[in-house]
Amino acid sequence: MQHSTTGGTRRRITGLLASVTVALGLGVAAGPAAVAADNPFERGPDPSESSIEAYRGAYSVSEQSVSRWVSGFGGGTIHYPTTRSDGTFGAVVVSPGYTGTESSISWLGPRLASQGFVVLTMVTNSIYDYPDSRARQLQAALDYLTSSSSGVADRIDPDRLALMGHSMGGGGTLRAVSENPDIKAAIPMTPWHTDKTWREVTTPTLIFGAENDTVAPHYSHAEPFYDSLPSSLEKVYLELDGASHFAPNYSNTTIAKYSISWLKRFVDDDTRYSQFLCPGPSFWDGDVQTYESTCDF
């Protein structure tokens with residue numbers, strides 16, 4: 001089978017035809033670094049493979065609850081770095097999937113926040129909401145986060161926002177960024193949607209598929225979604241080896257490390273994380289079945 005780091009050919013991360021290993025990053029400093037002079041959005045110490053795989057990053061994290069009576073979505077939990085010494089942070093909203101509750105994606109809150117983001121793990125209005133409803137709720141949650149009502153707006157840069165979602169939440173993520181190109185990054189996880197073409201999306205997008213997904217099979221959802229995205233777009237398709245549709249519902253190092261790298265690269269414009277995305281995982285990464293990327297970041 002052929003392999004490539006461009007968008008034209010999908011490559012498998014098994015056997016002898018895999019890519020060379022990515023270069024390791026620099027060692028991690030003891031705590032959050034001062035904002036770099038050449039990139040005002042850079043947050044945290046120089047990354048390494050171990051730092052993006054870690055259960056927690058360099059930042060201490062606090063959290064606060066969001067009432068279910070908030071307008072536009074069903075509430076949730078905000079996770080945020082406690083420090084104010086590094087200025088504002090980018091913000092991420094994460095939606096659960098069909099019949100899923102906040103608990104199904106709650107692990108992502110502190111894990112991402114400890115790397116230098118404000119994260120809202122969202123409750124949907126109903127566990128049965130379809131993707132386009134979830135898209136509207138994701139946007140409402142972003143609007144809430146950046147409003148004075150949230151209590152954390154002064155910690156957030158309103159121009160650096162991102163969305164993530166599982167299953168129908170992933171389909172909702174695609175719909176939301178197709179309607180709001182100002183969103184800086186999108187991460188649909190084992191996404192489900194009846195719409196299979198997303199040519200209008202201009203937001204850098206990382207899609208996670210799962211090899212053994214029987215709910216939203218990768219060949220009829222994640223892969224065609226990826227293939228329909230513009231070839232000029234910064235995009236990645238990563239298929240989790242041996243995983244089911246519900247892989248994003250549990251703490252998952254592969255999902256975390258690539259999500260952190262994607263958010264850092266496109267929300268924080270932090271090119272220190274490009275090394276983990278291009279050329280991508282090496283052949284001994286048994287957790288990755290397939291990896292495809294435009295590799296232009």
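The values are calculated or read from the model by the stated rules, or taken from the named source; none is laboratory data. What you see is a predicted model; the values in this text were computed from it and never measured. Methodologically, a virtual Cβ is constructed for each residue, glycine included, from the backbone with ideal geometry; neighbour enumeration extends over all protein chains shown.
Considering every residue within the stretch 208-217, establish whether at least one is within 28 Å of GLY44 (Cβ to Cβ) and in contact with a strand residue (DSSP E or B) (Cβ under 7 Å, 6 or more places away or on another chain). The answer is yes; a qualifying residue exists. Among the residues here, GLY171 qualifies as touching a Ser or Thr at 6+ places or on another chain (Cβ under 9 Å), under 22 Å from TYR219 (Cα atoms), assigned to a helix (DSSP H, G or I) and not hydroxyl-bearing (Ser, Thr, Tyr). Take the residues in the stretch 226-251 that are touching a Phe, Trp or Tyr at 6+ places or on another chain (Cβ under 8 Å) and among the polar types (S, T, N, Q); name whichever of them is nearest to PHE41 (Cα to Cα). Here the residue is SER251. If you check THR203, THR194, which single one turns out to be more than 18 Å from PHE89 (Cα to Cα), part of a loop (DSSP other than H, G, I, E, B), more than 16 Å from the chain's Cα centre (by Cα) and at pLDDT 95 or above? The unique qualifying residue is THR194. Within the stretch 51-77, the residues that satisfy the criterion of being assigned to a loop (DSSP other than H, G, I, E, B), in contact with a helix residue (DSSP H, G or I) (Cβ under 9 Å, 6 or more places away or on another chain) and of a type outside the set (Gly, Ala, Ser) are TYR55, ARG56, TYR59, VAL70, PHE73. Summed over the stretch 206-224, the residues that are farther than 20 Å from TRP262 by Cβ and part of a helix (DSSP H, G or I) give a count of 1.
From the list VAL118, VAL22, VAL66, VAL70, exactly one residue is within 29 Å of SER231 (Cα to Cα), surrounded by 12 or more Cβ atoms within 10 Å (Cβ to Cβ) and either in contact with a Cys (Cβ under 9 Å, 6 or more places away or on another chain) or modelled with pLDDT of 95 or more (or both). Which is it? Being within 29 Å of SER231 (Cα to Cα), surrounded by 12 or more Cβ atoms within 10 Å (Cβ to Cβ) and either in contact with a Cys (Cβ under 9 Å, 6 or more places away or on another chain) or modelled with pLDDT of 95 or more (or both) holds for just one of VAL118, VAL22, VAL66, VAL70, which is VAL22. Listed by first and then second residue, the pairs with beta-carbon distance under 9 Å, at least 6 apart or on different chains, first residue in the stretch 88-113 and free of Cβ contacts under 8 Å to residues at least 12 places away in the same chain, second hydroxyl-bearing (Ser, Thr, Tyr), are SER103/THR121. Remark: pairs (first residue in the stretch 271-283, free of Cβ contacts under 8 Å to residues at least 40 places away in the same chain; second residue surrounded by fewer than 22 Cβ atoms within 10 Å (Cβ to Cβ) and part of a loop (DSSP other than H, G, I, E, B); Cβ separation under 6 Å; 6+ apart in sequence or on different chains) = SER274/PHE297.
Of all the listed residues (SER67, SER51), the sole one being within 17 Å of the chain's Cα centre (by Cα) and more than 20 Å from ASN249 (Cα to Cα) is SER51. So for the stretch 245-266 (the condition being in a loop (DSSP other than H, G, I, E, B) and surrounded by 23 or more Cβ atoms within 10 Å (Cβ to Cβ)), does at least one residue qualify? The answer is no, given that none of the residues of the stretch 245-266 is in a loop (DSSP other than H, G, I, E, B) and surrounded by 23 or more Cβ atoms within 10 Å (Cβ to Cβ).
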